[in-house]
């Protein structure tokens, strides 16, 4: 199965400051769901979740937040709420029916969880006087055209993937591109950032997914991309990663201003790559190898995602589903003056 970040589309992104602001949200959500083939009952559930989300933003975050609708590969439609409120003091308690801090019925988060096919929430309380550190609540509700996927099936999947891809000024052209090939026990992904932005940057990184199908190594894939970019005249930076569950191994290599981040045991290790630009001049790529002994998360980022993040800055985030990780980091650490992209992969385990 080949996945491309061009299938990751931001369909709606607006601040929510009053109940009336939710009208456009629900309209866009319904039209997108209808176009994708969701049933009438599913669209009703989405409307209820959207109403609860708007209500929560206004009641608990004072309207200091935004709502997004994302279309993701494999017929997923995501509703994502991201606010700058005080955060939730006790998440497990807040998700129980009947609990409320605003003298309402207290059914919001619990009903959102039940009505969604997949649900995730992450919250961070304000700490000290550091005003640069994000605090607030992020809520992710996912819907699939074919309905709820069995939890036992998802638990058996060796990989779970989260994507965040957003062009500068939400332009139609995006020079960042992520290709992934999942064959069950192996996953390979190629993450590129074309020089500059706009149409020419996108053309440089388009149509490179075929390199993932070859039996060549990640190092050979980077070399092939280098040759193609030299012929095209437009450069890019990139990272290629191979994950093999049967061999219990993963390794990655790359060139330029990209980042790879390994999250395990409540720690994040950051890796950089050989300086230079593919298609132009660059140093010899260096390969990093890592043995798979237990679950961990890998995150690749373009330079559109700022680097100053860690487990300390986002405690507990990297134990979440990779899609929730991608949305939180993308919205809190994205540079508004560049294309932004992020790929998060949870490696669940290995063959015994």
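The values are calculated or read from the model by the stated rules, or taken from the named source; none is laboratory data. This one's a predicted model, so the numbers in the text were calculated from it and none came from an experiment. Cβ: placed from backbone, ideal geometry, glycine included. Neighbour counts: every protein chain shown.
Table for the structure above
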read-out: Filter result for the condition that a residue is free of Cβ contacts under 8 Å to residues at least 60 places away in the same chain and surrounded by fewer than 22 Cβ atoms within 10 Å (Cβ to Cβ), over 185, 206; value: 206
read-out: The range 18-51, residues that are more than 15 Å from residue 76 (Cα to Cα) and not in a helix (DSSP H, G or I); value: 18
read-out: Candidates 342, 346, 324 - the one that is farther than 23 Å from residue 168 by Cα and modelled with pLDDT of 95 or more; value: 346
read-out: Every residue from the range 182-206 that is modelled with pLDDT under 95 and part of a strand (DSSP E or B); value: 182, 186
read-out: Candidates 179, 173, filtered to the one that is in contact (Cβ under 8 Å) with a residue 40 or more places away in the chain and either in contact with a helix residue (DSSP H, G or I) (Cβ under 9 Å, 6 or more places away or on another chain) or in a loop (DSSP other than H, G, I, E, B) (or both); value: 179
read-out: Residue within the range 213-229 that is within 23 Å of the chain's Cα centre (by Cα), on the phi < 0 side of the Ramachandran plot and part of a helix (DSSP H, G or I) present; value: yes
read-out: Qualifying residue in the range 58-69 (condition: out of contact with any helix residue (DSSP H, G or I) (no Cβ under 7 Å at 6 or more places or on another chain), part of a strand (DSSP E or B) and outside the structural domain of residue 177 (by TED's automatic domain parsing)); value: yes
read-out: Test: residue in the range 44-63 that is at pLDDT 95 or above, surrounded by fewer than 20 Cβ atoms within 10 Å (Cβ to Cβ), over 24 Å from residue 127 (Cα atoms) and in contact with a strand residue (DSSP E or B) (Cβ under 7 Å, 6 or more places away or on another chain); value: no
read-out: Residue 239 part of a loop (DSSP other than H, G, I, E, B), in contact (Cβ under 8 Å) with a residue 12 or more places away in the chain and in the same structural domain as residue 205 (by TED's automatic domain parsing); value: no
read-out: Subset tally (residues that are surrounded by fewer than 15 Cβ atoms within 10 Å (Cβ to Cβ), modelled with pLDDT of 85 or more and assigned to a helix (DSSP H, G or I)) for the range 74-131; value: 1
read-out: Near pairs, Cβ below 7 angstrom, 6+ apart or cross-chain, from the range 133-161 (within 23 Å of residue 243 (Cβ to Cβ)) to any residue that is at pLDDT below 80; value: 158/349
read-out: Hits in the range 283-323 (condition: assigned to a loop (DSSP other than H, G, I, E, B) and closer than 30 Å to residue 198 by Cα); value: 283, 284, 285, 286, 302, 303, 304, 306, 307, 308, 309
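Matching residues to (1) surrounded by fewer than 18 Cβ atoms within 10 Å (Cβ to Cβ); (2) over 23 Å from residue 83 (Cα atoms); (3) out of contact with any strand residue (DSSP E or B) (no Cβ under 7 Å at 6 or more places or on another chain):
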position: 294; (1), (2), (3): yes, yes, yes
position: 298; (1), (2), (3): no, yes, no
position: 304; (1), (2), (3): no, no, no
position: 311; (1), (2), (3): yes, no, no
position: 327; (1), (2), (3): no, no, no
position: 331; (1), (2), (3): no, no, no
position: 336; (1), (2), (3): yes, no, yes
position: 344; (1), (2), (3): no, no, no
position: 347; (1), (2), (3): no, yes, no
